[in-house]
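Everything on this sheet refers to the single structure shown next.
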Amino acid sequence: MKDFLQKLWNTNPNLVLGTGSVIILIGGFSFFNPELGVSDMGIEECLDRSNRADNRFTAEKIYKRCIRNINKELALEKKNALERKKKREEDKKKRDEELKAQKLANKKKYKNLVNKSLILFDNSDWDFVSDGKNYYGFAKDKKKIGMYYVVFRRYFLPKYEEPLLTPENYFTFNTWDRNWRNSIKNWFVVDCESRKTAIARGSNNYFIKSEEDPLSALNNILKISSWNEPAKKGKMNYTFTNYACTAEQQ
């Protein structure tokens, strides 16, 4: 390398001088402008860190120290974030596969019990409403309240679990809400004007006696503060709103 530079100096000294000047200029510019090559995100991060300092001297030290390494820090942070995302996706895929396998096993295990339960509810005073992904949906005690509201009880017959409820024991077995999804204290409410839905909790007495005291039942619905947006086609709630709001079924 030394011989090459010596030969280049002897043959073309101007080129050597020009190249050296550029190198010195770039090096000097980098020295006086430490932000050269630092991303906008890195500069903003270093400014944010320095702004937390108590005084200007400390802030300058923090900024200079930060600006030297911020690109590496951000690159490492990005790499770690990607690795965490990949790990979450792998874990989710594993959980989904395990759940799918468990569902398949339960389907075989409880197939006869589920089919028997399906027939029992289908032949009772419960109305079959929906065939969902994980549950069969049934309804009973449908009542129209006011001009637009319809209320009823719902039962979700699980497809991949042991069915514990029957038409006969629905109210006795459920006394202590052992089956939270099928609580006998909750009624499903549909606003047939907007197709919005809600769960009326603790409204049993109001709706059972709605024929005797329709105003109290209506006021109880009007007190509901949390309503779900209308369900989209293909969702179980959508079939329940159809069941509630179809004229011939009211």
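The values are calculated or read from the model by the stated rules, or taken from the named source; none is laboratory data. The structure displayed is predicted, hence computed values, not measured ones. So basically every Cβ, Gly included, is an ideal-geometry build from the backbone, and we count neighbours across all protein chains shown. The area values use the complete protein model at the heavy-atom level, side chains included, leaving out ligands, DNA and RNA. Shrake-Rupley method; radii C 1.70, N 1.55, O 1.52, S 1.80 Å.
Can you tell me how many residues in the range 73-128 are modelled with pLDDT of 90 or more, of a type in the set (Asp, Glu) and open to solvent by 90 Å² or more (accessible area, probe 1.4 Å)?
6
I'd like the residue in the range 199-217 that is in a loop (DSSP other than H, G, I, E, B) and either over 28 Å from GLU229 (Cβ atoms) or of a type in the set (Ser, Thr, Tyr) (or both) and, out of all such residues, is most open to solvent (accessible area, probe 1.4 Å).
So, considering only residues that are in a loop (DSSP other than H, G, I, E, B) and either over 28 Å from GLU229 (Cβ atoms) or of a type in the set (Ser, Thr, Tyr) (or both), the one most open to solvent (accessible area, probe 1.4 Å) is GLU212.
Taking LYS196, is it open to solvent by 60 Å² or more (accessible area, probe 1.4 Å) and at pLDDT below 90?
No; evaluated as a whole, the condition is false for this residue.
For the structure I just gave you, tell me whether TYR63 is farther than 30 Å from ILE184 by Cα and among the hydroxyl-bearing types (Ser, Thr, Tyr).
Against the criterion (farther than 30 Å from ILE184 by Cα and among the hydroxyl-bearing types (Ser, Thr, Tyr)), TYR63 qualifies.
Can you find a residue in the range 160-175 that is open to solvent by less than 60 Å² (accessible area, probe 1.4 Å) and assigned to a strand (DSSP E or B)?
Taking every residue of the range 160-175 in turn, none turns out to be open to solvent by less than 60 Å² (accessible area, probe 1.4 Å) and assigned to a strand (DSSP E or B).
List the number of the failed condition for ALA139; all other conditions in (1) surrounded by 10 or more Cβ atoms within 10 Å (Cβ to Cβ); (2) of a type outside the set (Ser, Thr, Tyr); (3) out of contact with any Lys or Arg (no Cβ under 6 Å at 6 or more places or on another chain) hold.
If we test ALA139 against (1) surrounded by 10 or more Cβ atoms within 10 Å (Cβ to Cβ); (2) of a type outside the set (Ser, Thr, Tyr); (3) out of contact with any Lys or Arg (no Cβ under 6 Å at 6 or more places or on another chain), just (3) comes out false.
Suppose we filter LYS143, LYS116 for residues that are part of a helix (DSSP H, G or I), over 30 Å from the mean Cα position of the chain (by Cα), among the basic types (Lys, Arg) and farther than 18 Å from THR239 by Cβ; which single one remains?
The unique qualifying residue is LYS116.
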